[in-house]
């Protein structure tokens, strides 16, 4: 009977702890990213019954449990169940939810903690912090995409992006020009260059076609450039040749004196087309003396990656119409003055020229632009930022450019069950958790990060209510055992004194 009292007491003690686990789960039904717990029980030690008789000894190589008496119940472990919780959308970018495995790493400046609760907000310095003030750790991203140091993620809402000088112009057009608008009998391939006058408005009379484009110099200043095109009437048939010049709008002189006539001219050249309208060759010249229109000052343009290059504010800019001089210039080693009326004197990209599928054409139709782009931009101020499922924080600037600023990693452990709960939705690493690894969200075995979302508690209210009832019934039954054993002991004592 004493044993019955003790056994009933162990049942009441263990089930009361089970009740605490269940009620804690229910209390955290609305806690962000809460992971519910599950309590496991085991039976206690056993004692062997005395006076087993011959039957026990006759069981060869056997010691069956029928001759043992249990001593009750004990709590074996309380486990955290890291099952995925549901997601709830929010209207805040820095509400971050993880779908899949992983934890955010946060710090108080001294210790490191791990959490699934991604309700971060920027503080007065722009550092992303959770409600307890712990900062979210991430890696800074360099311009070349490499990772910098691990540190608290800081979003400077007043940050700027440095200007970038234009380094390449891509332009694809259809130049189906039917008339030679501007002609020079002695230099038909440089008629546009000869007619250009920086002091006139516009600097050229009507040409066959023109296309404006904005370029940026090394100081980030925008320069309005125009590429002018005109048909060359002396070109051999079949096929056609179109001459072009590249010019930027010149800055007026400070004292009002006239500018050199060639001020703003950057490049002059030709585009040669086959009878089918496909681009087959290109030539290009640049001035050795700024503002000069003297043809002897115009030399074959240097090549970068097979593309002719002109200079804007001292920075090289490559011009790509869709053809590339893979083997360099062939022929035409002299200046533009040596060309005259002989197209064979022009530098050529030769038989090794590589033509892109979307190269400029000269089909028999009105000229038009397919595509024009350049890679420069002015200085920009941060307008807003975004966070991708890969954990990359991208800043979007007033100059229309984007720049990756931070990589938010996710952390995984050899054994999540070894993590220690710290309260405040935090976990701490322990030796039992094993090795911690950091990785990019969405790769290998790491989950994805979802902005504008929070992870909900994974508590199943229906299951917890069932556990609550079962635990209560078990506790009630064990308490009945205690009271019954007490009554039996009382009866036995009464018999002794009877």
- Task: Would you mind stating whether residue 91 is in a loop (DSSP other than H, G, I, E, B) and within 23 Å of residue 159 (Cβ to Cβ)?
- Result: no
- Note on the structure: Contact list, first residue from region 59-85 and assigned by TED's automatic domain parsing to the domain that holds residue 10 and in a loop (DSSP other than H, G, I, E, B), second anywhere and surrounded by 11 or more Cβ atoms within 10 Å (Cβ to Cβ) and modelled with pLDDT under 90, beta-carbon distance below 6 Å, six or more apart or interchain, is 71/44; 72/7; 72/10; 72/44
- Message: The conditions are (1) closer than 30 Å to residue 449 by Cα; (2) in contact with a strand residue (DSSP E or B) (Cβ under 6 Å, 6 or more places away or on another chain); (3) assigned to a loop (DSSP other than H, G, I, E, B), and residue 395 fails exactly one of them. Which is it?
- Response: (3)
- Report yes if residue 371 is touching a residue at least 24 places away in the same chain (Cβ under 8 Å), surrounded by 14 or more Cβ atoms within 10 Å (Cβ to Cβ), in contact with a strand residue (DSSP E or B) (Cβ under 9 Å, 6 or more places away or on another chain) and within 30 Å of residue 178 (Cβ to Cβ), otherwise no. no
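So that you can scan it fast, the table gives a plain yes or no per residue for (1) in contact with a strand residue (DSSP E or B) (Cβ under 7 Å, 6 or more places away or on another chain); (2) outside any strand (DSSP E or B):
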{"residue": "106", "(1), (2)": "yes, no"}
{"residue": "109", "(1), (2)": "no, yes"}
{"residue": "113", "(1), (2)": "yes, no"}
{"residue": "125", "(1), (2)": "yes, yes"}
{"residue": "128", "(1), (2)": "yes, no"}
{"residue": "132", "(1), (2)": "no, yes"}
{"residue": "139", "(1), (2)": "yes, no"}
{"residue": "148", "(1), (2)": "yes, no"}
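Every residue, every condition in (1) within 22 Å of residue 383 (Cα to Cα); (2) touching a residue at least 60 places away in the same chain (Cβ under 8 Å); (3) touching a helix residue (DSSP H, G or I) at 6+ places or on another chain (Cβ under 8 Å); (4) assigned by TED's automatic domain parsing to the domain that holds residue 273, yes or no:
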site	(1), (2), (3), (4)
125	yes, no, no, no
133	no, no, no, no
143	yes, yes, no, no
149	no, no, no, no
154	yes, no, no, no
173	no, yes, no, yes
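The values are calculated or read from the model by the stated rules, or taken from the named source; none is laboratory data. Predicted model only: the values in this text are computed from it and were never measured. Cβ atoms come from the backbone with ideal geometry, glycine included; neighbour counts cover every protein chain shown.
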